[in-house]
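A.B. asks: The structure's right below; bear with me while I get my questions together.
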Amino acid sequence: MATEPQTNPGKPRPGPSDRLITMFRACSRDPTEAIKTRLKHMLHTFLQHHRENAGNEKTKEVAAKCCCEAVIWYYRILENLVSEERTRLGISDVSGILENDLVQRCLVACCLEITIFSNHLPCDFPLLLQMYKLAPYHFWRVIELVLRAQVKLSHTVASHLAQLEEKILESLAWTSTSPLWEEVRANEGHLHTCQQVIPPTQIEDPKKTEMQSDGNQPGAGVSVGADLSASTEQQCSPSSANSPQRHSSLHLFARKVYSLMGQRLRELCSTLNISAELRLKIWTCFEYSLVHFSCLMVDRHLDQLLMCAIYIIAKITKMEIPFKHIMKCYKSQPLANKSVCKSVLISDRDMDDSPFENNNNGEHSDSILTPSTPSTHYAGACQEERGNLIYFYNQVYIAKLQHFAKEFSATSGVDTPPLSPYPRQWKTPPCRQRLFSSHSIYISPYNRETSSPRTAGLCYYFSSSPPERLQEINNMIKTGRSVNRRCRVASLDKKEEPGDDGPSVKRLRVNDQSALERRLRNVVNDRVTGRN
C-alpha cells in the first residue's frame, strides 16, 4: 500500500476520497475512469523509464515509492482545486477542468516531481517533462496552482517548486520549441509591456520610499481554467487603453517575468551601487528588449538581457561599469546560474532569415522576429554557435538595442524615452521567525535601532559573521544546553547605506551541516525566491 507523504501524517488513501468521488458524480460526465486510466498510463511510463535506465534495484524501488506517493498527492491536490473552482464559479459540474487532458497531465507530472524531490530520486526536471511531452510553458501554470492548493506542502518542497517556476520563467519557457512563441506571434510579435500586465497598485511610485508588500508576488492568483492557455478572472486593471486580455496565459506569464526580473535588477543595482534613477533607465531598456526584440530571448536566459541592459545604459550615461564587474556581481547573487555568462547562443541565422510580419501600423515592423517554425528552429539544420556574454553583447545585442539606448544620452539631442513602470519590491514581513520549538533561536531582519552590542555574541549576521559563530549556536543545540537569552540571526549587507532598498540576504557559506544550518538555508532560500 502507498505510504503517506512525510509532510502529511495520517492514514494513507491511494485513491480519491469520498468527497472527491461525490464531486466526480456531480459532473455531467463522471470522469473517474478517465482519470484513473490517465494516471495509470503516466505512472507506467515513469516506472518503465526507470526500469530501463536505472543502474540498481534500489533506484527502481524508490521510483515505485514515488509513484505510490504521487497518487496520494494527485487526488489530494485535485480535490482542493476542484472544490475551490466549484465555490468560485458557483456550480457543481466542473467537467471542463477534469476532462482537460493537458491540465491533468501537468498536475500528475507536478505530483511526481514532488515525490522525486522528497525521495531524492535521480531524475532531472526537464527530463520528466520530456518523458510526457509537456512544455515547460504549460507546466509552470500548474506549479502555481499546486502552491496555492493548501495541501500543507513541506517547507523544502514548496521552495523547490518555486525555484522550478523561476527556471521556467527565466529560460525553459523561452526555448525555440516553446508554445510561448505561438502566443507572442498572436500578439503581433510582442510580449506585453509591464504597464499592461502589472496593476497600478503593484507598481513602484518613485515619489514614495515605503514599499507595500503583495502576498501574490511574483504573480497574481491563478485559477484552474478550462484551458491552460486561458486563466480565469484576475484582480488586475492595466492602465493601458490597449491592455491585453487579462485571461490570457501570455498576460500572466509576462506579469510573472516582470515581477521576477524587477527583483533581480533591484538586487544587482544594490550590489553595483547603481542609483534608483539609473535603475529605472536600465529597466526601461530591458523591457524594450523583451517587447520589441523578443527574438533575443530565443534559447537564451533573461539574466543575459538584464546584464546587457545594465552595461549599455551605464555606458551611455557615462557611468562606465566594466562588464566583467557586472558578471562578477551577478555570480555572487544567491541562486545565480554561473553558466549564464559562459555559454550564450550567438548564431541566429534561422531567425534572421525568417522575419515575423506583424500588423502594428509599421512600428518596429522591420525588427520583430520570432521563430517562424518552432518545431524545427535550430534542430540540426545548422550547428549553433555559442560564446560568452560579452561576445553576445558585441555580436548580437548591441545591433538591436544601440539606437534605443542612445536616446538616454545627455548629448543625444532627442527627448529621453519615458521610463517604464517598475514592479514593487517583494517585502518579507518584518516579524521574527522561531526556528526550533525547543530552543529560543530566531531569524529576523537586522535593525540598527533595536540591535545592541550586548547581544552581539548571540547573533549570526549573514555575510558578516564568521562561520565559528554559527558553530557555537549549533553546539548549543547538540549539547542540549538551554539558551537563556534569545539568539537572533539577522541579515546584514556590509554595503548597506541609508535609503537603500534594504539588506540583501546571502546564502551561508560554511561547512557545518547541522540541523540549524539546514534550517537557516531553507529560510534564506525562501526569502531569496520572494516567498514567505
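A.B. asks: Run the dipole for the range 18-170 about the Cα centre, Lys and Arg Cβ at +1, Asp and Glu Cβ at -1, nothing else charged, and hand back the magnitude in debye, nearest 20.
C.D. replies: Numbers: 19 positive and 19 negative charges, 52 e Å.
The dipole magnitude comes to about 240 debye.
A.B. asks: Give the order of LEU112, LEU268, LEU470 when sorted by the count of other beta carbons within 10 angstrom, beginning with the fewest. Can you show the working numbers first?
C.D. replies: On the way: LEU112 26, LEU268 23, LEU470 19.
With the sparsest Cβ surroundings first, the list reads LEU470, LEU268, LEU112.
A.B. asks: Could you tell me which residue out of CYS27, GLY55, LEU153 lies farthest along the dipole of the range 18-170 toward its positive end? Charges go on the beta carbon: Lys and Arg +1, Asp and Glu -1, centred on the Cα centre.
C.D. replies: CYS27
A.B. asks: Okay, moving on. Mind listing the phi-derived Karplus ³J(HN,Hα) values for the range 75-92, rounded to whole Hz, using 6.51, -1.76 and 1.60 with θ = phi - 60°, and x for any glycine or proline?
C.D. replies: Per residue, the Karplus-derived 3J(HN,Hα) values read 5, 5, 5, 4, 4, 5, 5, 5, 4, 5, 6, 4, 5, 5, 8, x, 9, 9 Hz.
A.B. asks: Could you estimate the translational diffusion coefficient of the range 18-170 from the Stokes-Einstein equation, with Rh from the Kirkwood formula over C-alpha pairs, at 37 °C and 0.692 mPa s, in whole µm²/s? Don't jump to the answer; show the numbers that get you there.
C.D. replies: On the way: Rh = 16.0 Å.
The diffusion coefficient I find is 205 µm²/s.
A.B. asks: Ok, one more. Karplus couplings for the range 391-402 from phi (6.51 cos²θ - 1.76 cosθ + 1.60, θ = phi - 60°), rounded to Hz, Gly and Pro as x?
C.D. replies: 5, 4, 4, 6, 8, 10, 5, 4, 5, 7, 9, 4
A.B. asks: Okay, next question. Taking the Cβ of LEU129 as the center, what net charge do the other residues with Cβ under 12 Å away carry, scoring Lys and Arg +1 and Asp and Glu -1? It would help to have the intermediate numbers written out before the result.
C.D. replies: Numbers: positive: ARG105, LYS133, LYS167; negative: GLU113, ASP124.
Net charge in that neighbourhood comes out at +1.
A.B. asks: Still on this structure, please answer the following. In terms of modelled amide H atoms, which long-range or inter-chain residues lie less than 5 Å from the amide H of ILE203?
C.D. replies: ARG424
A.B. asks: Quick check on my link table: of LYS40/LYS256; LYS58/LYS342; LYS133/LYS400; LYS40/LYS60; LYS281/LYS328; LYS152/LYS338, which ones sit more than 28 Å apart, alpha carbon to alpha carbon? All intermediate terms of the calculation are to be shown ahead of the outcome.
C.D. replies: Numbers: LYS40/LYS256 33 Å; LYS58/LYS342 37 Å; LYS133/LYS400 34 Å; LYS40/LYS60 17 Å; LYS281/LYS328 22 Å; LYS152/LYS338 33 Å.
With Cα atoms farther than 28 Å apart: LYS40/LYS256; LYS58/LYS342; LYS133/LYS400; LYS152/LYS338.
A.B. asks: Continuing with the same structure: Is the shape of the range 158-208 best called rounded, prolate or oblate, per the rule: a/c under 1.5 gives rounded, else a/b larger than b/c gives prolate, else oblate, with a ≥ b ≥ c the square roots of the Cα gyration tensor eigenvalues? Each step should come with its number before you reach the end.
C.D. replies: Working: a/c = 3.32, a/b = 1.22, b/c = 2.71.
Cα axes put the range 158-208 in the oblate bin.
A.B. asks: Through the Karplus equation 6.51 cos²θ - 1.76 cosθ + 1.60, θ set to phi - 60°, convert the phi angles of the range 326-333 into ³J(HN,Hα) values in whole Hz; use x for Gly and Pro.
C.D. replies: Values, residue by residue: 4, 5, 5, 5, 4, 5, 7, 6 Hz.
A.B. asks: If you put +1 on each Lys and Arg Cβ and -1 on each Asp and Glu Cβ, how big is the dipole of the range 271-331 around its Cα centre, in Debye rounded to 20? Don't jump to the answer; show the numbers that get you there.
C.D. replies: Details: 8 positive and 5 negative charges, 49 e Å.
Magnitude of the dipole: close to 240 debye.
A short reminder: the numbers here are calculations on the coordinates, not readings from a lab. Given the structure is predicted, the values throughout are model-derived calculations rather than measurements. Here the Cβ is made from the backbone with ideal geometry for all residues, glycine too, and neighbour counts use every protein chain on show.
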